[in-house]
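The values are calculated or read from the model by the stated rules, or taken from the named source; none is laboratory data. This one's a predicted model, so the numbers in the text were calculated from it and none came from an experiment. Glycine also receives a Cβ, built like all others from the backbone with ideal geometry; neighbour counts cover every protein chain displayed. Accessible surface is based on the protein model in full, side chains and every heavy atom, while ligands, DNA and RNA are left aside. Shrake-Rupley method; radii C 1.70, N 1.55, O 1.52, S 1.80 Å.
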Amino acid sequence: MRPVFLALALAALAYPALAEPSFDCARAETAVEKEICKDENSELGERDAILALIYAALKAEGGHDDLLKA
C-alpha cells in the first residue's frame, strides 16, 4: 500500500464532514443513490464519501487501473 493512499484513507475515516454522500441527493436517480440518500442511511452516505476520496486518490496516484475497474 502506497503512503499517499494510506494517508488519504486514514484522513477520510477521521473527517466528520464526510457524513454527506459524494453526489447531490437532489439529483439521485438510481435505486442505489436514493437508498444512500435516505435520512436513516447517513452511514451509507459517509461511506460513499470515503470511497469517493479513496477512488480519487488511487486514480491520481496512478498504477491502480486493475483496482478501479467496476
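In table form, for the structure just shown:
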quantity: Candidates ARG27, ARG2 - the one that is at pLDDT below 70, over 10 Å from the mean Cα position of the chain (by Cα) and among the charged types (D, E, K, R); calculated: ARG2
quantity: Scope the stretch 26-54; condition open to solvent by less than 60 Å² (accessible area, probe 1.4 Å), farther than 22 Å from LEU68 by Cα and in a helix (DSSP H, G or I); matching residues; calculated: CYS37, ASN41
quantity: The stretch 55-67, residues that are aliphatic (A, V, I, L, M) and surrounded by fewer than 12 Cβ atoms within 10 Å (Cβ to Cβ); calculated: ALA60, LEU67
